[in-house]
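Novice: Just passing along the structure, written as structure tokens.
The values are calculated or read from the model by the stated rules, or taken from the named source; none is laboratory data. Keep in mind the model is a prediction, meaning the values are calculated, not measured. With ideal geometry, Cβ positions are generated from the backbone for all residues, glycine too; neighbour counts draw on all protein chains shown.
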Amino acid sequence: MKAKKPIRVGMVGYRLMGRAHSHAYRDYPFYFDTEMIPQLQGIAGRNEAEVRAAADKMGWASYETDWHRLLERDDIDLIDIVTPNDTHAEIAIAAAEAGKHVLCEKPLALSLPQAEQMLEAVNKAGVTHMICYNYRFSPAVQWAKKLIDEGRLGRIYHIRATFLQDWLMDPDFPLTWRLQKKISGGGTLGDLGAHLIDLARFLVGEFQEVTGMMETFIKKRPLGTMTDNLKGRAVSDQWGEVTVDDATLFLARFHNGALGTFESSRFSRGNRAGNRFEINGEKGSLRWDMENLNNLQVYLHEDEPGLQGFRTINCTEEEHPYAGVYWPAGHIIGYEHTFINLVSQMMDGIAAGYNPQPNFEDGVKNQAVLAAVEESVQTRSWVHVSSFQ
Ligand SMILES: NC(=O)c1ccc[n+]([C@@H]2O[C@H](COP(=O)([O-])OP(=O)(O)OC[C@H]3O[C@@H](n4cnc5c(N)ncnc54)[C@H](O)[C@@H]3O)[C@@H](O)[C@H]2O)c1
């Protein structure tokens, strides 16, 4: 039996992603045979009553009302950032300078230059870093990656990917941080499109050029704040301007010659979390849908005529990455397990002193695609995605 080593986590923020990450740290050693044991050491938030309640509910040993305090503590090894996007850079850079490992929610930053500064800081400090593009860690997506890497699909021609939601369609839904560009950096593109970009980079390859269009369907909303689970509450009778997109569509060409279409929207009635992709290659196709995340649909053209068709593989067998640590075959896992799998990579990286993927370099490459799509919308043209050395 391996000696256990605690990894003492300090987390900034405690709401939607705070819950997902707290749960992942708690459950990771339950399922994985690991020497690294995350400890919920300290949580930070600005409102004392709320952060204390969050610490009690989620099992954190202590709380702070100023995140800088977590960085000053020598009983914290890893800083986890689950706050709105305008805070990521300041916290991540300060955490790296304090010698802490960093796990940051997506998108990495508000802009490409800011993301590059974050990468420079973690590289300079030599700490382990990851960005939380968690959908890569569904066993079915990992299996898709393996099939593509083995050449089962042959040359990849297309990816079409959508992330469709409908929680913002009520015109009275308040103007929360996600709808303010200065805090979020962008609307559905940075929130949902960033996940699609990560899946496409993981499965298809690097983006070469993009062209897109965006729309903000509801231009003004009552001022308000997020509560939990993508809900909001009005905080005044004043209204403010929505400064981000409600929907973004873009086309892409990849360096390997593949083509892609991407659609992110919060105005797709009936779609709660329609995070889906289809990939078509010369020898086969794959389909995945987050709302049914254990399943991968696979079409292989080498199948006998008459038996050809999409088959549904329930990726819960021992062969499927991560699936074996959970339950017997057919006993499905859920959204939260993608975060546990991601945490397992972070812990392996800290133990062995390397940066698992996706890390801040992936965050920068993703941000470069986001920036190119935005520029293409403004200039109504095709824009090359800046290459990263
Ligand atoms: N990986 C995913 O699937 C996924 C899903 C949702 C959100 N996210 C990302 O996670 C991050 C947080 O999103 P969320 O949905 O949890 O947000 P949220 O609004 O539910 O929670 C934000 C938390 O940050 C705290 N906070 C806000 N401003 C702060 C500040 N200036 N200093 C310190 N704390 C502050 C709030 O009190 C709250 O605890 C964002 O970057 C978002 O893009 C990722």
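Novice: So is K124 farther than 24 Å from E374 by Cα, crowded, with 22+ Cβ neighbours inside 10 Å and over 19 Å from the mean Cα position of the chain (by Cα) or not?
Specialist: Numbers: farther than 24 Å from E374 by Cα: yes; crowded, with 22+ Cβ neighbours inside 10 Å: no; over 19 Å from the mean Cα position of the chain (by Cα): yes.
Judged against the criteria, K124 is not a match.
Novice: Pairs needed: first member in the stretch 13-31, under 14 Å from A44 (Cα atoms); second member anywhere, in a helix (DSSP H, G or I) and of a type in the set (A, V, I, L, M); C-beta distance under 7 Å; at least 6 residues apart or different chains.
Specialist: Y14/V51; Y14/A54; G18/A54; R19/M58; S22/M58
Novice: Considering only the stretch 24-69, state which residues are away from the ligand (no atom under 13 Å from the Cβ), in a helix (DSSP H, G or I) and under 24 Å from the mean Cα position of the chain (by Cα).
Specialist: Here is the first cut: in the stretch 24-69, the ones away from the ligand (no atom under 13 Å from the Cβ) are 25-42, 56, 59, 61-62.
Subsequent filtering for residues that are in a helix (DSSP H, G or I) retains 25-31, 56.
Residues satisfying the conditions are Y25, R26, D27, Y28, P29, F30, Y31.
Novice: When the residues of the stretch 229-259 are narrowed to those that are surrounded by 13 or more Cβ atoms within 10 Å (Cβ to Cβ) and among the acidic types (D, E), which ends up farthest from the ligand (Cβ to nearest atom)?
Specialist: Step by step, filter the stretch 229-259, then rank; the result is D246.
Novice: Then there's this: Go through the stretch 275-389 and tell me which strands (runs of 3 or more DSSP E), entirely inside it, have 3 or more residues that are in contact with a Lys or Arg (Cβ under 9 Å, 6 or more places away or on another chain) and over 30 Å from A125 (Cβ atoms). Don't jump to the end; show me each part of the working.
Specialist: Numbers: elements: 284-289, 295-300, 311-314.
Fully inside the stretch 275-389 and qualifying: 284-289, 295-300.
Condition check ((1) part of a helix (DSSP H, G or I); (2) out of contact with any Ser or Thr (no Cβ under 9 Å at 6 or more places or on another chain)) across all residues:
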site	(1), (2)
K106	no, yes
L110	no, no
P113	yes, yes
L119	yes, yes
V122	yes, no
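Novice: Please work out which residue is surrounded by the most Cβ atoms within 10 Å (Cβ to Cβ), limiting yourself to the stretch 182-228 and to residues that are over 17 Å from V141 (Cα atoms), among the β-branched types (V, I, T) and modelled with pLDDT of 95 or more.
Specialist: Among those residues, the one meeting the criterion is T188.
Novice: Let me ask you something else. Sort out which residues of the stretch 96-111 are buried (at least 21 other Cβ atoms within 10 Å of the Cβ) and more than 13 Å from the ligand (Cβ to nearest atom), and write them in order of number.
Specialist: Within the stretch 96-111, the subset buried (at least 21 other Cβ atoms within 10 Å of the Cβ) is 96, 100-110.
Passing the criteria: A96, K100, H101, V102.
Novice: Still on this structure, I have one more. Which condition from (1) more than 16 Å from F339 (Cα to Cα); (2) near the ligand (Cβ under 8 Å from one of its atoms); (3) basic (K, R) is the one that R15 breaks?
Specialist: Unmet condition: (1).
Novice: Is it fair to say L286 is more than 19 Å from the chain's Cα centre (by Cα), in the same structural domain as V373 (by TED's automatic domain parsing), more than 16 Å from the ligand (Cβ to nearest atom) and surrounded by fewer than 17 Cβ atoms within 10 Å (Cβ to Cβ)? Walk me through how you get there before you give the answer.
Specialist: Values: more than 19 Å from the chain's Cα centre (by Cα): yes; in the same structural domain as V373 (by TED's automatic domain parsing): yes; more than 16 Å from the ligand (Cβ to nearest atom): yes; surrounded by fewer than 17 Cβ atoms within 10 Å (Cβ to Cβ): no.
So L286 does not fit the description; no.
Novice: Quick one: which of T312, T316 is in contact with a strand residue (DSSP E or B) (Cβ under 9 Å, 6 or more places away or on another chain), more than 30 Å from G187 (Cα to Cα) and hydroxyl-bearing (S, T, Y)? Break it down into steps so the answer makes sense when it comes.
Specialist: Working: T316 fails: in contact with a strand residue (DSSP E or B) (Cβ under 9 Å, 6 or more places away or on another chain).
Every option except T312 fails the conditions.
Novice: A follow-up question, please. Does at least one position in the stretch 198-207 carry a residue that is within 12 Å of the ligand (Cβ to nearest atom), assigned to a helix (DSSP H, G or I), among the basic types (K, R) and closer than 21 Å to L110 by Cα?
Specialist: No - not one qualifying residue is present in the stretch 198-207.
Novice: Within the stretch 72-131, track down each residue that is of a type in the set (K, R) and more than 16 Å from G42 (Cα to Cα).
Specialist: Initially, the stretch 72-131 is screened for residues of a type in the set (K, R), giving 73, 100, 106, 124.
Correct list: K106, K124.
Novice: If you don't mind, there's one more thing I want to ask. Read through the list (1) in a strand (DSSP E or B); (2) modelled with pLDDT of 95 or more, then give the number of the only condition that R269 fails.
Specialist: (1)
Novice: Still on this structure, I have one more. Answer yes or no as to whether D80 is closer than 17 Å to N366 by Cα, assigned by TED's automatic domain parsing to the domain that holds D27 and of a type in the set (D, E, K, R). Even if it seems obvious, please write down each step before you answer.
Specialist: Values: closer than 17 Å to N366 by Cα: no; assigned by TED's automatic domain parsing to the domain that holds D27: yes; of a type in the set (D, E, K, R): yes.
No.
Novice: If I go through the stretch 296-315 residue by residue, how many of them are buried (at least 16 other Cβ atoms within 10 Å of the Cβ) and closer than 26 Å to P328 by Cβ?
Specialist: Of the residues in that region, 6 qualify.
Novice: Would you confirm whether any residue within the stretch 49-59 is free of Cβ contacts under 8 Å to residues at least 12 places away in the same chain and among the aliphatic types (A, V, I, L, M)? Outline the logic, then answer.
Specialist: Start the filter on the stretch 49-59 by keeping residues that are free of Cβ contacts under 8 Å to residues at least 12 places away in the same chain, which leaves 49, 52-53, 56-57.
Then drop every residue that is not among the aliphatic types (A, V, I, L, M), which leaves 49, 53.
Within the stretch 49-59 (the criterion being free of Cβ contacts under 8 Å to residues at least 12 places away in the same chain and among the aliphatic types (A, V, I, L, M)), the answer is yes, since at least one residue qualifies.
Novice: Which of the residues belonging to the stretch 77-91 are within 6 Å of the ligand (Cβ to nearest atom) and in contact with a helix residue (DSSP H, G or I) (Cβ under 6 Å, 6 or more places away or on another chain)? Outline the logic, then answer.
Specialist: Here is the first cut: in the stretch 77-91, the ones within 6 Å of the ligand (Cβ to nearest atom) are 82-85, 87.
Once the filter is applied, which keeps residues that are within 6 Å of the ligand (Cβ to nearest atom) and in contact with a helix residue (DSSP H, G or I) (Cβ under 6 Å, 6 or more places away or on another chain), the stretch 77-91 yields V82, P84, N85.
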